[in-house]
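No value in this document is a laboratory result; all are computed from the given coordinates. Remember, predicted model here, so these are calculated numbers, not experimental data. Every residue, glycine among them, receives a Cβ derived from its backbone with ideal geometry; neighbour counts consider all protein chains shown.
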Amino acid sequence: MTSLVTGLVAAIELEVFYDYNCPFVYRAATMLAGVNGARDVQVTWRYFSLTQVNSREEGWTVWGANGTEPVRGRLAFKAAEAARRQGRFDEIHPALLKARHQDRLDLDDVQVIERIANENGLDMERFRRDVAAPDILGSLARDHTQAVAEHGVFGTPTLVFAGGGSAYVRLADAPEAGDAVRIFDSLVAVAAREPRILEIKRPVKPTSV
């Protein structure tokens, strides 16, 4: 592993396209949090709606749907963007993932979302106003459309590295702190630094590594 780690000393910039309801996003986020400090990783989290991907209705979009229409995952994206407008995205983002995947809470429930926002120091009056703003899903529309058109993203999480490498990643579980760096280094070695490897699929889920 020495040569691999040596090759990862420089800062690593990547974008992660994600949906809050995806368990694999939570696991990847845990991995990235686990490498913080051990690796110089600069992550930009970008929205990508699985509800949009799974829709079979021609012309329908999550960001263009009527506000009264129930749309899975839309409220969490609104909350994240409203927090970003207050400079609090870094606080609410992990809290939303934890609420969904650790606490098993419903992120389409307004009360759940507002409790998370309040606990993470948001100005609630402004938060509610921004969540209701007609342009609040503009970033979701931009990120999702760009993900598909420029990177061919089809699922979450998809990691896109500054050098052009990308990978749709499904971890078996949220890695322990001691494993996060090792797993991340292996991922970068393949996804970002070896373009000749196009795809890896495991025919049987491994029982151990």
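Per-residue 3J(HN,Hα) values for region 179-189, derived from phi via the Karplus relation 6.51 cos²θ - 1.76 cosθ + 1.60 with θ = phi - 60°, read 9, 4, 5, 4, 5, 4, 4, 5, 5, 4, 4 Hz in sequence order (x marks Gly and Pro). Sequence-ordered 3J(HN,Hα) estimates for region 151-158 from the Karplus curve with 6.51, -1.76 and 1.60 and θ = phi - 60° stand at 10, x, 5, 10, x, 10, x, 10 Hz, glycine and proline given as x. Applying D = kT/(6 pi eta Rh) to region 71-136, where Rh is the Kirkwood radius over alpha-carbon pairs, T corresponds to 25 °C and eta to 0.890 mPa s, the Stokes-Einstein value obtained is 214 µm²/s.
Reported value for region 132-204: 152 Å³ per residue, from the convex hull of its C-alpha atoms. Using C-alpha pairs below 8 Å separated by at least 6 residues, the relative contact order for the chain is 32 percent. In the frame of its principal axes, region 127-173 has Cα extents of 37, 28, 18 Å, reported largest first. Taking amide hydrogens as placed 1.01 Å from N in the peptide plane, the amide H of Trp45 sits under 5 Å from those of Val16, each at least 5 positions away in sequence or on another chain.
Between amide H atoms placed 1.01 Å from N, distances below 5 Å from Glu13 occur with Gln42, Ala162, all of them 5 or more places distant or on a separate chain. The fraction of Cα-Cα pairs per 10 angstrom bin, counted from 0 for region 9-71, comes to 18, 38, 24, 15, 5 percent, rounded to whole percents. Of the residues Ala79, Ala117, Thr61, the one whose Cα sits farthest towards the positive end of the charge dipole of the chain is Thr61 (charges of +1 on Lys and Arg Cβ, -1 on Asp and Glu Cβ, taken about the Cα centre).
Mean separation of Cα pairs under 8 Å and 6 or more residues apart, divided by the residue count, gives region 1-114 a relative contact order of 27 percent. Cα centroids of region 91-121 and region 8-87: how far apart, whole angstrom? Region 91-121 and region 8-87 have Cα centres spaced 14 Å from each other.
For every other residue with a beta carbon closer than 12 angstrom to the beta carbon of Gly164, add +1 if it is Lys or Arg and -1 if Asp or Glu, then tell me the sum. It would help to have the intermediate numbers written out before the result.
On the way: positive: Arg193; negative: Glu13, Glu15, Glu150.
Its environment carries a net charge of -2.
Dividing the summed -39500 (n - 2.57) terms of all DSSP H runs of n ≥ 4 by the residue count of the chain sets its mean residue ellipticity at 222 nm at -12500 deg cm²/dmol.
Taking other C-beta atoms within 10 Å as the exposure proxy, Asp143, Asp40 rank Asp40, Asp143 from fewest upward. Dimensions of the chain along the principal axes, based on C-alpha atoms and rounded to the nearest Å, stand at 53, 39, 33, largest first. Converting phi to 3J(HN,Hα) with the Karplus coefficients 6.51, -1.76 and 1.60 and the offset θ = phi - 60°, region 128-138 yields 4, 5, 5, 4, 8, 5, x, 9, 5, 9, x Hz in sequence order, with x at every glycine or proline. Derived value for region 44-159: Kirkwood hydrodynamic radius 14.6 Å. Basis is the mean of 1/r over every pair of different alpha-carbon atoms. Only Lys, Arg, Asp and Glu carry charge here, each on its Cβ (+1 for the first two, -1 for the last two); on that basis region 1-97 has a dipole of about 160 debye about its Cα centre. Sequence-distant contacts, meaning Cα pairs under 8 Å at least 6 residues apart, place the relative contact order of region 71-136 at 41 percent.
How do Met31, Met124 line up, fewest other C-beta atoms within 10 Å first?
On the way: Met31 21, Met124 11.
Sorted ascending by nearby Cβ count, the order is Met124, Met31.
Under 5 Å from the amide H of Trp60 lies no amide H of any residue 5 or more positions distant or on a separate chain, with H modelled from the backbone and absent for Pro and chain starts. What is the magnitude of the charge dipole of region 71-136 about its Cα centre, with +1 placed on the Cβ of each Lys and Arg, -1 on the Cβ of each Asp and Glu, and no other charges, expressed in debye to the nearest 20? With Lys and Arg at +1 and Asp and Glu at -1, about 140 debye.
Placing +1 on the Cβ of every Lys and Arg and -1 on the Cβ of every Asp and Glu, with no other charges, gives the chain a dipole of roughly 380 debye about its Cα centre. Ordering Thr51, Gly152, Leu171 by the projection of their Cα atoms onto the charge dipole of the chain, which places +1 on the Cβ of Lys and Arg and -1 on the Cβ of Asp and Glu, puts Leu171 at the extreme positive end. Against the chain, whose longest principal axis comes from its Cα atoms, helix 74-85 is set at around 80 degrees.
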